[in-house]
Amino acid sequence: MPYEILVGLAVGLSVMLFWMGRRFATSPLEVDDQLERYLIDDPSVDSRYTIATNPSRLTFTERVLIPLWRSALNRLGALAPQRNADAIGRRLETAGRPYGLTVLNFLGLKFIAATIFGVAGLLFGSVVLRQALLVSVLFVVAFGVFGFYMPNIWLSGVIRRRQREIMRALPDALDMIVVCTEAGQGLDQAFKRVSARWRNALTEEFVRILTEITLGRTRREALTGASDRIQLPDVSNMITAVIQAEQLGVSIGSVLRIQANQMRIVRRQRAEELARQASIKLLFPLVFLIFPAMFAVLLGPAIPLIVQTFSGTLSR
């Protein structure tokens, strides 16, 4: 390729990247500025929840590549039907919005995964296996369908890991909330203290509850929204007990102490259940992996002798 063409392509690419950087680095709205000042000035809020609206603090990837990627995902996601948008939105909320994905981003990701897996199926059928065109098309369809549902499988795994993390952190967090409330602090201050001490999925929900309360929602609405997002029976029972105690004027500390004792009992029962399942789960690797290796070690040296003995007997 001539030198002049290379220089022209480099200059054109530089101009395009400069224009994209200027476009995505425009000044945000005033509401975002106020929310950013509130989140940054509040020491109880984790820096992960701050809104980085200052372009000077953003890297090239955050300023150009990530917005461009999300824009492409949005355009692809707009092609999908909207009947499952609410269900996908609820699942993304339950998963904690991994990587900041929206509904359109997730739908666009499904289309991209289906395309990539479809191309992989075509290459696998036509190049690797050297099959006919019809068989390659079948591989394309099968791989494309698998790629389309692959983000759903990934999202289900994220939801399970997040719920498991919340279940593990809930008893200890309840103990600390009980100590704070019995010491004279309110429920909001207890949530803030727990969020300042630990960093996990449960404290992320506590930070979101506090932020929603500060921005105008009632405590009952914020707690109910957290219960709908997490979708765990233990968390729903705790939030229901807190709401009822607040309505009836009962001490929240005593109610949470009862909930903490129940959570501790439930955690012990689950540990005992997993311990009982361990012997059954060890049965499959024991039979299919360990026993064949033991038989090969024990009976392997005897096999040549057995073959030699039977061959000599048959020859006579």
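Quick notes on this structure:
- Among all positions in region 284-296, there is no residue which is touching a helix residue (DSSP H, G or I) at 6+ places or on another chain (Cβ under 8 Å) and aromatic (Phe, Trp, Tyr).
- On the stretch given as region 259-272, residues that are surrounded by 14 or more Cβ atoms within 10 Å (Cβ to Cβ) and out of contact with any helix residue (DSSP H, G or I) (no Cβ under 6 Å at 6 or more places or on another chain) total 3.
- From the list Leu289, Leu298, Leu256, the lone residue that is touching a residue at least 60 places away in the same chain (Cβ under 8 Å) and over 19 Å from Arg164 (Cα atoms) is Leu256.
- Selected residue [surrounded by 14 or more Cβ atoms within 10 Å (Cβ to Cβ), modelled with pLDDT of 85 or more, hydroxyl-bearing (Ser, Thr, Tyr) and within 30 Å of Arg193 (Cβ to Cβ)] from Thr94, Thr115: Thr94
- Checked against (1) in a helix (DSSP H, G or I); (2) touching a helix residue (DSSP H, G or I) at 6+ places or on another chain (Cβ under 8 Å); (3) free of Cβ contacts under 8 Å to residues at least 24 places away in the same chain; (4) over 26 Å from Leu256 (Cβ atoms), Gln131 passes all but condition (1).
- Flag if Ala142 is part of a helix (DSSP H, G or I), at pLDDT 85 or above and more than 30 Å from Arg220 (Cα to Cα): yes
Rundown of residues vs (1) within 19 Å of Thr181 (Cα to Cα); (2) in contact with a helix residue (DSSP H, G or I) (Cβ under 8 Å, 6 or more places away or on another chain), yes/no style:
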| site | (1), (2) |
| --- | --- |
| Thr203 | yes, yes |
| Ile209 | yes, yes |
| Ile213 | yes, yes |
| Gly216 | no, no |
| Ser227 | no, yes |
| Val235 | yes, yes |
| Gly249 | yes, no |
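- Region 194-238, residues that are over 22 Å from the mean Cα position of the chain (by Cα) and hydroxyl-bearing (Ser, Thr, Tyr): Thr214, Thr218
- For region 219-241, the criterion of being farther than 29 Å from Ala87 by Cβ and surrounded by fewer than 17 Cβ atoms within 10 Å (Cβ to Cβ) is met by no residue.
- Taking first residues from region 185-210 that are over 20 Å from Glu165 (Cβ atoms) and in contact (Cβ under 8 Å) with a residue 60 or more places away in the chain and partners that are among the basic types (Lys, Arg) and in a helix (DSSP H, G or I), the Cβ contacts under 8 Å between residues at least 6 apart in sequence or on separate chains come to Leu187/Arg219.
- Scanning region 118-141 for residues that are among the small types (Gly, Ala, Ser) and surrounded by 15 or more Cβ atoms within 10 Å (Cβ to Cβ) returns Gly118, Ala120, Gly121, Gly125, Ser126, Ser136.
- Residue that is surrounded by the fewest Cβ atoms within 10 Å (Cβ to Cβ), among those in region 157-180 that are farther than 20 Å from Arg208 by Cβ and in contact (Cβ under 8 Å) with a residue 60 or more places away in the chain: Asp175
- Residue check, Pro171 modelled with pLDDT under 90 and either in a helix (DSSP H, G or I) or closer than 24 Å to Leu104 by Cα (or both): yes
- So Val179, is it part of a helix (DSSP H, G or I) and within 30 Å of Thr115 (Cα to Cα): no
The values are calculated or read from the model by the stated rules, or taken from the named source; none is laboratory data. Quantities reported herein were computed from a predicted structural model and do not represent experimental measurements. A quick note on method: Cβ atoms are made from the backbone with ideal geometry, for glycine too, and the neighbour counts reach across all protein chains shown.
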